[in-house]
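Right, one structure below, let's go through it.
The values are calculated or read from the model by the stated rules, or taken from the named source; none is laboratory data. Not measured: the values here are computed from a predicted model. Every residue, glycine as well, gets a Cβ built from its backbone with ideal geometry; the counts of neighbours run over all protein chains shown.
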Amino acid sequence: MKAIYTSLLTLLTLAGWAQTHISGKVTDTKGISIPGANVYLKGTYDGASSDVDGQFSFTSDEKGKQTLVVQAIGYKSSEENVDLEGSNLVVKSTLQETINLLKAVTITAGAMEAGDEKKSVVLKPIDILTTSGAMGDITGAFQTLPGTATVGNDGRLFVRGGDASETSIYMDGLQVGNAFGTSASNVPTRTRFSPNLFKGSFFSTGGYSAEFGQALSSTLALNSLDMPLRNQGDISVLSVGGGYTHTLVGKQNALTASANYVNLAPYQRIVKQNFDWEKAPENWDTEIALKQKWGKAGFVKAYFHTEGNNMVIWQKVPGQEGRGRRVGINNQYSYGNVSFRQAGKHDWFFSGGLAYSYNRDKINLDDLPVRQLNQVVHGKMVVIKDFSPQFSLKNGLEYFGKTYSEALPDEGKQRNMADHQFNHFVETSYYFNNNLVAVAGLRTGYSMLAKQIWVTPRFSVAYKMNEGQVSLAAGKFKQLPEEKLRILDNNLKNAGSDHYILNYFFANNNRTFRAESFYKIYDNLITYTGATSAPQNIGQLGSGYARGFDFFYRDRQTVKKTDFWVTYSFVDSRRRFANYETRVQPSFAPKHNGSLVVKHFIGKLKSQLGSSWSWNSGYTYTNPNEPGEMQSKTSMYSNLSLSWSYLPKPNVILHVACSNVLGRENVFGYQYASTPNESGAFVSQPVGQGAKRFAVVALFITLSKDKAANQLNNL
Amino acid sequence: MKKLFFLIVVFAFTFTTSFAQDSAYQKAMKKEIAKVISTDSLGSLQQSANAFARIAAINPKEWQPLYYGALAFTFQGFSPALNLDKKDEVLAKADELLKSAEAVSPGNSEIVALQGFVLMAKLSADAANRGQSLSGTIMATYGKALAIDGKNPRALAMLAQMELGMAQFFGNGPEKACGLAKQSQAIFDAQDEAVLIANMQPTWGKPMARSVNSKCK
């Protein structure tokens, strides 16, 4: 009995010592071996890594049914049941690729992204600030990108033959009403928001997502910073003003408050101006930004901005003696938004918010006071569900409330309009693999005032090749006319545009190349007779097209310590709109456009030198002394700007910038007398620049415990 | 009395069982920790990363397997043999592991310091594009690690390295970097490495302090 027991024990022990040798090969679905894969028995320490040929082998003391796990970065893990019997076991494992957003293809048609980490970006957030000539204006930097035209007497964004109202601007997904300051005609304006607020931006020159609507040409989506890094105070002293920003950072929340004041009067007393200012532009603004973390992945942000502007200018009237017409503008503007984002369980994502903007203009045209009040409310709720790494579905609901009123207080006249718009959008994206993605979207809208329902489909696809990637985008876009026209005719419907865009994008080793061609068709554009200030017979008989191509090349490698980009855009646009009777080339769509931006760092001087040059082939205008309309063209536009940033200490920056250093007399068009003179000719005067050059000196000081912190972002 | 006896028994029991259970874990960990800090080879770093993943899978309540797994991926992220895409891929993996580690052991200075090291690897992968945006975040991350434990020699050494880079960029003296590096070196020299190794506590980072120190005086 004892003997049997002993032998049984020996047998058991022996069996216990009989190891299983597990070996095999890990490959992908194409049969290419995967090195570095982790192969192991679930719940044990037994396992190994595959070698360069995908081969692995290890031994295990485990017995019976076990689960063999195979994992590798970039692939779906596999689990398979194996039976360990103490002999050799050979396993062949095939892993499927997963979609990896870090290296997967992205849709670049129409899109130009400014961000820090993604690879499809053309700009860094800092570029918006360090591009000389931009003068700290967000749109100033975008005007050096392909697809845009510099319209020096306006200052807003003009994209591919579209006028400025065809671009809509968003902050954290919510619309910004009246994003540009109010200005007199032919006096350029700026965006109201400091570039320091944003961590990145997404600028689309067409073919954009179903998430955005009511823009015929372009959208600019700005994303605000999440959490600031540290407590700090930022002082800025400019030759034209100054400001202070204070930042407080807690564990879960942060507060930034700032106040700025700018007055051009002292500067204009020293430097000769072409414009006849009675009161130089003066501006104050204050803003507060709050950030609150919400759970592990969520965020709530609130932002409030309020500002006031004043200016009085005399504008000469062609054919008349004297100072001309006196235009006084007092603008009061407030914008606030609250937004959130949160990730739920099972790959659900939620975001949304509420925004409100208020813009009030008191304008005095000679002795005639005019009051204008514009308010926009935007509410938005978006739900995204990732059904798998390949397939994601986005659904959103939006509400826009828009009111506008105009009054002539002296005559006791007032008129109002109010519109409520409801939108729904749905967008699906599907990754066939890491190299091919397709996105399809549908945006539906309804306007109560226009009594119109519209449905606009969008589609895009991108394919990544060995070198670079190709993408294609197409879609329909709708936009209701500007409020100042809708107030005259409440029945005005949407104008429409169709976009077709083909894009090639290549980025490698600090070199980026982008080529794009586009075709855009317009219909139902607003038409009227008479002057723009008093339109009559308003209708929507206009139509037209814009087509062309553009190139962008950026290089940080070829020339040492130098970063440059160069762009060229060709736009062929003709459209009938406004008070034109035929299809004309719009004044804001020069045919040939180019820019060159260079930044060079000189370590010894602790300085960055910047220069930017923009150029176009000239603006069209109507010369009433000749038959036809928009038959004439100004000479070319050219502007070379230089800047110098000096960092004597890590927390102090001295910045000097000058636009149009060559002093070129750029002309944006001509104004003509409304009646001919005695000899039968219409007298003209050029629409030119406010001054030959604009120069600014700025000193930025950052106060914080971290002495290395600075306001490099302010340059 | 009975109660006390019971307590002692329970304590002794849990102690021995946990000790017995831990020994396989400790053995596996110590073997891999020794490997990971002594190799530069991508292959063996990946092997270590895999080994730590296996250990982490059966010891989900320990932060060290996740931490050292992340370290193995971060070292790969510094390898000149990998292209940018590949570097970002392994560093994303390191980030993911550190997030899990943080959930297991919140407010851990070592985990935060390693997060800073991952960011440093991201920066050096594409310095021209990422330098401006990441350097501030990196300094702040080391600051966070030092706020939890002001004597974390790795956080001090890595911060010293960042400060040195900053000083060189601005053409300033290395005093601040040197102060930090000296502090770090002193802590490294004073610690009993054998005890740390026995407890699976991090010991790496000495050469970094030394390399900054070599630029001082």
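If you check B:Phe73, B:Phe78, B:Phe117 for being within 11 Å of another protein chain (Cβ to nearest Cβ), among the aromatic types (Phe, Trp, Tyr) and under 24 Å from A:Ile73 (Cβ atoms), only one passes: B:Phe73. Consider the range A:42-57 and keep the residues that are of a type outside the set (A, V, I, L, M) and farther than 16 Å from B:Ile55 by Cα. The one that is nearest to the other protein chains (Cβ to nearest Cβ) is A:Asp51. Please tell me if B:Ile138 is away from chain A (no Cβ under 11 Å) and at pLDDT 90 or above. No; evaluated as a whole, the condition is false for this residue.
For the range A:19-37, how many residues meet the condition of being touching a Phe, Trp or Tyr at 6+ places or on another chain (Cβ under 9 Å) and part of a strand (DSSP E or B)? Looking only at that region, the number is 7.
To keep it simple, each residue is scored yes or no on (1) free of Cβ contacts under 8 Å to residues at least 24 places away in the same chain; (2) over 17 Å from A:Ala215 (Cα atoms).
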{"site": "A:Lys385", "(1), (2)": "no, yes"}
{"site": "A:Thr403", "(1), (2)": "no, yes"}
{"site": "A:Leu408", "(1), (2)": "no, yes"}
{"site": "A:Gln421", "(1), (2)": "no, no"}
{"site": "A:Thr428", "(1), (2)": "no, yes"}
{"site": "A:Ile453", "(1), (2)": "yes, no"}
{"site": "A:Ala473", "(1), (2)": "no, no"}
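For the range A:337-409, the strands (runs of 3 or more DSSP E) that sit wholly inside it and include 2 or more residues that are under 23 Å from A:Gln292 (Cα atoms) are A:348-365, A:368-386. Is there a residue in the range A:116-131 that is out of contact with any Pro (no Cβ under 7 Å at 6 or more places or on another chain), away from chain B (no Cβ under 14 Å) and not β-branched (Val, Ile, Thr)? Checked the range A:116-131: no residue is out of contact with any Pro (no Cβ under 7 Å at 6 or more places or on another chain), away from chain B (no Cβ under 14 Å) and not β-branched (Val, Ile, Thr). Those strands (runs of 3 or more DSSP E) of the range A:87-206 in which 1 or more residues are more than 13 Å from the chain's Cα centre (by Cα) occupy A:88-95. For the residues A:Trp565, A:Trp613, the requirement of being in a strand (DSSP E or B) and farther than 19 Å from A:Met112 by Cα singles out A:Trp613.
One line per residue, one yes/no per condition, for (1) outside the structural domain of A:Leu145 (by TED's automatic domain parsing); (2) under 21 Å from A:Leu123 (Cα atoms); (3) small (Gly, Ala, Ser):
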position	(1), (2), (3)
A:Asp563	no, yes, no
A:Val566	no, yes, no
A:Phe577	no, no, no
A:Arg583	no, no, no
A:Lys604	no, no, no
A:Tyr619	no, no, no
A:Ser643	no, yes, yes
A:Tyr646	no, no, no
A:Gln671	no, no, no
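Against the numbered list (1) assigned to a strand (DSSP E or B); (2) more than 34 Å from the chain's Cα centre (by Cα), A:Ile313 comes up short only at (2). B:Lys151 fulfils the conditions (1) within 14 Å of chain A (Cβ to nearest Cβ); (2) outside any helix (DSSP H, G or I) except for a single criterion, (1).
When you check A:Gly16 against the structure, is it within 18 Å of B:Asn50 (Cβ to Cβ), modelled with pLDDT under 90 and in the same structural domain as A:Asn81 (by TED's automatic domain parsing), yes or no? No, not satisfied. The residues on offer are A:Ser497, A:Ser517, and the sole one that is within 23 Å of the chain's Cα centre (by Cα), polar (S, T, N, Q) and surrounded by fewer than 17 Cβ atoms within 10 Å (Cβ to Cβ) is A:Ser517. The listed residues are A:Ile107, A:Ile99, and the only one of them that is closer than 23 Å to A:Lys199 by Cα and modelled with pLDDT under 90 turns out to be A:Ile107. Looking across the range B:126-145, the residues that are touching a residue at least 24 places away in the same chain (Cβ under 8 Å), surrounded by fewer than 20 Cβ atoms within 10 Å (Cβ to Cβ) and not hydroxyl-bearing (Ser, Thr, Tyr) come down to B:Asp126, B:Lys144. Determine whether the range A:597-609 contains at least one residue that is among the hydroxyl-bearing types (Ser, Thr, Tyr), more than 30 Å from A:Leu472 (Cα to Cα) and within 14 Å of another protein chain (Cβ to nearest Cβ). Yes: the range A:597-609 contains one or more residues that are among the hydroxyl-bearing types (Ser, Thr, Tyr), more than 30 Å from A:Leu472 (Cα to Cα) and within 14 Å of another protein chain (Cβ to nearest Cβ). Selection of the range A:158-179 for residues being of a type in the set (Phe, Trp, Tyr) and surrounded by fewer than 23 Cβ atoms within 10 Å (Cβ to Cβ) yields an empty set. Is it the case that the range B:164-172 has a residue that's on the phi > 0 side of the Ramachandran plot and more than 9 Å from chain A (Cβ to nearest Cβ)? No, the range B:164-172 contains no residue that is on the phi > 0 side of the Ramachandran plot and more than 9 Å from chain A (Cβ to nearest Cβ).
Sub-8 Å Cβ pairs linking a first residue in the range A:27-40 that is more than 11 Å from chain B (Cβ to nearest Cβ) to a second residue that is in a loop (DSSP other than H, G, I, E, B) and surrounded by fewer than 16 Cβ atoms within 10 Å (Cβ to Cβ), at least 6 apart or interchain, are A:Asp28/A:Gln96; A:Thr29/A:Gln96; A:Ser33/A:Val52; A:Ser33/A:Asp53, ordered by first then second residue.
Matching residues to (1) part of a helix (DSSP H, G or I); (2) among the β-branched types (Val, Ile, Thr); (3) more than 14 Å from chain A (Cβ to nearest Cβ):
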position	(1), (2), (3)
B:Val90	yes, yes, no
B:Ser100	yes, no, no
B:Ala103	yes, no, no
B:Ala113	yes, no, yes
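The strands (runs of 3 or more DSSP E) found wholly in the range A:643-689 and carrying at least 2 residues that are of a type in the set (Val, Ile, Thr) occupy A:652-659. Taken as a whole, the structure places A:Lys451 among residues that are at pLDDT 95 or above, charged (D, E, K, R) and assigned by TED's automatic domain parsing to the domain that holds A:Ile169. Looking across the range A:500-513 at every residue that is touching a strand residue (DSSP E or B) at 6+ places or on another chain (Cβ under 6 Å), farther than 29 Å from A:Trp454 by Cα and surrounded by fewer than 23 Cβ atoms within 10 Å (Cβ to Cβ), the one that is farthest from the other protein chains (Cβ to nearest Cβ) is identified as A:Tyr504. Might you check whether a residue that is loosely packed, with under 15 Cβ neighbours inside 10 Å and modelled with pLDDT under 95 occurs anywhere in the range A:348-362? The answer is no, given that none of the residues of the range A:348-362 is loosely packed, with under 15 Cβ neighbours inside 10 Å and modelled with pLDDT under 95.
Just one of the numbered conditions (1) modelled with pLDDT under 90; (2) under 54 Å from the mean Cα position of the chain (by Cα); (3) surrounded by 14 or more Cβ atoms within 10 Å (Cβ to Cβ); (4) not polar (S, T, N, Q) is not true of A:Leu84: (2).
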